[in-house]
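Before any comments, here is the structure.
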Amino acid sequence: MSDVSHYFNEALDFFRLGFQHVNAILGLIIALFAAFQLSSWKKLWEIALAATLVHIVALVLIPVVDHNAPLHLPPLVDVGFWRDTAAVYVGYVIIIAVFFFMRTKLLKGGGGKGMR
């Protein structure tokens, strides 16, 4: 039982570290847009990947557009960057799934070919 608890705490730490740098408003806007682009549950993984890529591009371009800062690429060789990106991807999978479920079940005429 101690091993299960240890792995559960490791997983929680993974998500805590990954989400501490996430801009919540930006993430929710991207997830909401992605949920309305989602046509079926089968496409959830692809849409979440696209949302993650949009998130990374937005984080790079927002300082450039907003503050006239120089363009800096993300640290692609840093393990921490990939850990954070994986956590953001899992977060997008979850939140897009919730938004898509709400769209298909709660909104009248919400669509969702995969739900019928």
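The values are calculated or read from the model by the stated rules, or taken from the named source; none is laboratory data. Keep in mind that what you see is a predicted model, and the values were worked out from it rather than measured. Neighbour counts run over all protein chains shown; Cβ positions are idealised from the backbone, glycine included.
Any idea which of (1) over 11 Å from the mean Cα position of the chain (by Cα); (2) surrounded by 13 or more Cβ atoms within 10 Å (Cβ to Cβ) is the one H55 doesn't satisfy?
In the conditions (1) over 11 Å from the mean Cα position of the chain (by Cα); (2) surrounded by 13 or more Cβ atoms within 10 Å (Cβ to Cβ), H55 misses (1) alone.
Please go through the range 1-32 and pick out each residue that is among the polar types (S, T, N, Q) and modelled with pLDDT under 70.
Q20
Could you please let me know if D66 is more than 22 Å from F14 (Cβ to Cβ) and modelled with pLDDT under 90?
The answer is yes for D66.
Please name all residue pairs, on different chains or six or more residues apart, with Cβ atoms under 8 Å, provided the first residue is in the range 19-37 and is assigned to a helix (DSSP H, G or I) and the second residue is charged (D, E, K, R) and at pLDDT below 95.
What qualifies is A35/R103; F36/R103.
Assess whether H72 counts as being free of Cβ contacts under 8 Å to residues at least 60 places away in the same chain and either more than 14 Å from the chain's Cα centre (by Cα) or farther than 25 Å from R103 by Cβ (or both).
yes
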